[in-house]
Structure formats: C-alpha cells, structure tokens
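**Q** Attaching a single structure in structure tokens format; questions to follow.
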Amino acid sequence: MADEEQEQEWEMVGVASTNLAAVGYKKGTSELRVEFLKSGAVYQYDGVPEGVYNEIITGSSAGEAFDSLVKKGGYAYRRIA
C-alpha cells in the first residue's frame, strides 16, 4: 500500500522530444523521473535541483536539456521500470 501511495504522488508531464516521453519531479526529495519514448524505460535521478526539472519541461528541447543538465551532470540514478 505504501508503494502505491508513493507512486500516486508522481505527476508525469509529457514533453515534446524524440527521446523522452515524460518527466516528473518531487520537490521534497529532489527526485526526477524520466520515461524514455522508444524503450518505455523509466529512470529516477536523485538530488536534481528543481531548476533543472523546470528547464527540461520549459526549454526549447527537453532532450537536449536532459542530456546536458542531468546525464552529464552526474546524478545518481536507477532504472525503476
């Protein structure tokens, strides 16, 4: 039950990208979730500042922002789905 409640707190936002399908963010824990378009895989990145999330969802290219700010940013991550 706790896992279900935790999952319900995530609100994934669709993004216009050839690589990403959706992203979500939890302010309280600074966790970023990313769903990839082609594979459907979902990864969670820890310790990501809210500004990085905002840049991904509002910038001109969600995929480029994700690549330069998150992947190259060296955040700890794990595949969750």
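The values are calculated or read from the model by the stated rules, or taken from the named source; none is laboratory data. Quantities reported herein were computed from a predicted structural model and do not represent experimental measurements. We place every Cβ from the backbone using ideal geometry, glycine too, and count neighbours over all the protein chains shown.
**Q** What is the residue count in the range 27-55 for residues that are farther than 15 Å from Ile80 by Cα and basic (Lys, Arg)?
**A** 2
**Q** Moving to a separate point now. With the checklist (1) surrounded by 12 or more Cβ atoms within 10 Å (Cβ to Cβ); (2) in contact (Cβ under 8 Å) with a residue 12 or more places away in the chain in hand, flag the one item Ala81 doesn't pass.
**A** Ala81 satisfies all of (1) surrounded by 12 or more Cβ atoms within 10 Å (Cβ to Cβ); (2) in contact (Cβ under 8 Å) with a residue 12 or more places away in the chain except (1).
**Q** Same structure again: Filter the range 46-64 down to residues that are in contact with a helix residue (DSSP H, G or I) (Cβ under 6 Å, 6 or more places away or on another chain) and farther than 12 Å from Ala16 by Cα and give me whichever is surrounded by the fewest Cβ atoms within 10 Å (Cβ to Cβ).
**A** Ranking the candidates gives Glu55 first.
**Q** For the chain, which fully contained helices (runs of 4 or more DSSP H) count at least 2 residues that are at pLDDT below 95 and over 9 Å from the mean Cα position of the chain (by Cα)?
**A** 2-8
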